[in-house]
């Protein structure tokens, strides 16, 4: 990609309690407030249908909005039951097909849990399952996860991207921060992550990153819940400085209860650096 886009996950809040959005009107709205991207939420079901796809696609094209989607919360490619691994693959495929219908680009998902397996065993099972996914012009992007019980450290996902050609990276800086019980404090902490990605996947990976960012509440076990950006200890200014210094391109999606307002804080901060 040739620039860095900013957007939100899910439907916007709007300016009034009376504001009610669907995906097509949400796209119109976020464009009007100065944002560039929308992450559709397929966490419970793939809610792009034959009834709404044309309206979503029309609004996307008219507003030149980047679309991604977050896949089901019911994915575990390392389940002890093969039937659940297969169901997880089917959910990922259906989500990618729904996103492809509206010319979306990136499907974000949490790959699974370690359960009673070793980290190496979990990695092997998840990798082998990801290799089964068909490519339909949608990038599969496993996301860095926020709890120690979840597969999805930066190192694990970078390794997957090396071995699975259809996979690209989704870095959730808030998740990394929470997983490490407040690990990301300084500019150097963020720069170290981006340098690692560049060293392992090449500078081209930095030109096509999908990033989640937002406030987060955590404890020694990791992520608890999202917070408004300004009510958390997440050092978004230094994170954005590192992103700018490394010439990162792609998309930053704001998560949390303040959605478009936090996304605009991120975009405005970045533009002033």
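Taking other C-beta atoms within 10 Å as the exposure proxy, 162, 60 rank 162, 60 from fewest upward. Considering all C-alpha pairs of the range 84-235, those separated by over 19 Å amount to 55%.
At q = 0.18, 0.21, 0.26 Å⁻¹, what log₁₀ I(q)/I(0) does the range 173-260 have when each alpha carbon counts as one equal point scatterer in the Debye sum? At q = 0.18, 0.21, 0.26 Å⁻¹ the computed log10 ratios are -0.77, -1.01, -1.33. Exposure proxy ranking for 127, 185, 168, based on other Cβ atoms within 10 angstrom of each Cβ and starting from the fewest, stands as 185, 127, 168. Normalised by 2.2 N^0.38 Å, where N is the number of residues, the alpha-carbon radius of gyration of the range 81-146 equals 1.16. When only alpha carbons are used to place a centre, the range 188-241 and the range 96-138 end up 21 Å from one another. Summary of the geometry: the range 32-73 and the range 1-17, compared by the centres of their Cα atoms, lie 11 Å apart.
Each label point was placed 7 Å from the Cα along the Cα-to-Cβ direction; for residue 84 and residue 224 their separation is 2.7 nm. What FRET efficiency, computed as 1/(1 + (r/R0)^6) with R0 = 51 Å and r the Cβ-Cβ distance, is obtained for residue 136 and residue 268, rounded to the nearest 0.05? Working from the Cβ atoms, E equals 0.90.
Short-range pairs are left out: with C-alpha atoms under 8 Å and at least six residues apart, the relative contact order of the chain is 19 percent. With distances taken between every two different alpha-carbon atoms, the range 116-190 has a Kirkwood hydrodynamic radius of 13.3 Å. The helix-based estimate of mean residue ellipticity at 222 nm for the chain, built from -39,500 (n - 2.57) per DSSP H run of four or more residues and divided by its residue count, is -12500 deg cm²/dmol to the nearest 500. Panel order for 23, 270, 74, by other beta carbons found within 10 Å of each beta carbon, from fewest to most: 74, 270, 23. Extents of the chain, largest first, come to 48, 46, 34 Å (Cα atoms, principal axes, whole angstrom). Kirkwood radius, the range 1-117, all distinct C-alpha pairs, inverse of mean reciprocal distance: 15.2 Å.
Each value in this text was obtained by applying a stated rule to the coordinates, not by laboratory testing. Keep in mind that what you see is a predicted model, and the values were worked out from it rather than measured. We place every Cβ from the backbone using ideal geometry, glycine too, and count neighbours over all the protein chains shown.
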